[in-house]
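Accompanying notes for the structure given below.
Nothing in this text is a laboratory measurement; each read-out follows from the coordinates by a stated rule. All figures in this text were calculated on a predicted structure; none of them were measured in a lab. Note that we place each Cβ from the backbone using ideal geometry, even for glycine, and neighbour counts take in every protein chain shown.
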Amino acid sequence: MKVALVHDWLTGMRGGEKVLESLCEIFPDADIYTLVHIKGSVSPVIEGHKIFTSFIQKLPAVKKKYRYYLSLMPKAIERFNLNDYDLVVSSSHCVAKGVKVKRDSLHICYCHTPMRYIWDMYDQYFGKKKSNILVRIVMSVFVSYLRKWDILTVSRVDYFIANSKNVGKRIEHHYHRESAVIYPPVDVAKFNNDRIAEDFYLIVSAFAPYKRIDLAIEAFNVLGYSLKIIGVGQEEKRLKKIAKSNIEFLGWKSDEELEDYYCRSKALIFPGEEDFGIVPVEAMAAGRPVIAYAKGGALETVINEKTGIFFRPQTALGLIEGIRKFIEIEKGFDSKSICRCAQKFGRERFKKEIKEFIDEKIKEKKFA
């Protein structure tokens, strides 16, 4: 059986790429198709596979500006020729699920979310305070086309797997399709939870608008507590400009360095609404509580007052109140208990569940 893995883009090791990495381990001989690949940006496991890219790979400034080519992505993903493959597994949060496959092949989509840029979070990406006037004009022209294309290509997927119940509801709402839920892989075994917490809070995040790092900065500007931020992204300059001296930007860190910061932090700050959210689970695996906005995937991973604290509304004041509540009950959190709650999201569990799901659908297709 010949297998193709389709992923939106390979520009860094975030949650979606960790899913792809596990899929690569399940299918060691699979080819990978992706819009853009920045060599060296993803793990050796992924880069050990044969990788095919689209015409977007050759466009100007693609390494930093690939998101600006959003309107071209549907055409780019459709140009891949997958006629030689019996099984296609797409890992999609943008356009990967729209790939064309031959009629008798099996296409299973692991959906991180229906395209957030054009559906649930359009205003957070392209609102007046989030993008310049040129970008807003371009998106106002193309958003209708992108939505129509996104709906049209739903029929190209035989089975959807959602990364959370939260995303499963979005798939049902936007695509009118059912989905199985298989939580993404988290490498919980690598964390050491016996270190003493130090006097700083931690954020680990890409600097995308919906992550709401600006909200956390506003809150910590008021509180004056130490906040360390690990990450990079398109909002970096703006965020650094509004942050006071108690807030430290550390850039991106290796896995070993990241583990160290998780284990030494007082708590993780998680101010955005995520589809699932691997970062809170990583913090919990390190035995650290999470202060999270009470919406999205965090509601499926964080247990209020056992592994963390929820806050609402999604404002700086709401987060400040959440931090103050955390301080009041901080001594009641037990690091080993928090760590145990993270174990059910482990990497081997993901590989077992998704392999069983795919094997079952292959068997059903053979006997159909």
Convex hull around the C-alpha positions of region 1-130: the volume in Å³ per residue is 108
Subtracting the Cα-Cα distance of K253 and S41 from 0.36 nm times their residue separation yields 75.0 nm
For K169, counting only aspartates and glutamates whose alpha-carbon sits under 16 Å away and dropping same-chain residues fewer than eight positions off, the answer is D120, E178, E273, E274, D275, E300
In the structure shown, of K306/K336; K65/K211; K39/K351; K148/K355; K64/K100; K211/K253, the pairs separated by more than 21 angstrom at the C-alpha atoms are K39/K351; K148/K355; K64/K100
Rounded to one decimal in nm, the spacing of the 7 Å Cα→Cβ label points at I303 and K75 is 5.2
Output ordering of 348-359, 215-226, 240-251 (per-residue mean of other Cβ within 10 Å, highest first) is 215-226, 348-359, 240-251
The whole-number value in µm²/s of the Stokes-Einstein translational diffusion coefficient for region 188-345, with Rh from the Kirkwood sum over alpha carbon pairs at 20 °C and 1.002 mPa s, is 141
Calc'd 3J(HN,Hα), region 18-31, phi into Karplus 6.51 cos²θ - 1.76 cosθ + 1.60 (θ = phi - 60°), Hz, glycine/Pro = x, comes to 5, 5, 4, 4, 5, 5, 5, 6, 6, 10, x, 9, 6, 8
Taking Cα atoms, the helix 347-366 axis meets the longest principal axis of the chain at an angle in degrees (rounded to 10) of 20
Semi-axes a, b, c in Å (a largest) for region 60-125, each sqrt of 5 times a Cα gyration tensor eigenvalue, come to 25, 16, 9
One finds, for D104 and F55 with R0 = 22 angstrom and r their Cβ-Cβ distance, a FRET efficiency to the nearest 0.05 of 0.20
Packing-ranked peptide list from 268-279, 8-19, highest mean Cβ count within 10 angstrom first, is 268-279, 8-19
In whole percent, the Cα-Cα distances of the chain spread across 10 Å bins from 0 upward as 5, 24, 33, 25, 11, 2, 0
Kirkwood Rh over alpha-carbon pairs of region 183-280 plugged into Stokes-Einstein at 4 °C, 1.567 mPa s gives a D in µm²/s of 92
Note: L317 to L223 extended length (0.36 nm per residue) minus current alpha-carbon separation gives 32.8 nm
Expressed as a whole-number percentage, the relative contact order of region 188-345 with C-alpha contacts under 8 angstrom and at least six residues apart is 26
Output row, site D194, 7 Å Cα→C-beta label point, backbone N cut-off 17 Å, window region 254-276, residues 260, 263-264
Counting sequence-distant residues (5 or more places) and residues on other chains, those with an amide H built under 5 Å from that of G308 are V290, I303
Given a Förster distance of 22 Å, the FRET efficiency implied by the Cβ-Cβ spacing of K63 and M13, rounded to the nearest 0.05, works out to 0.90
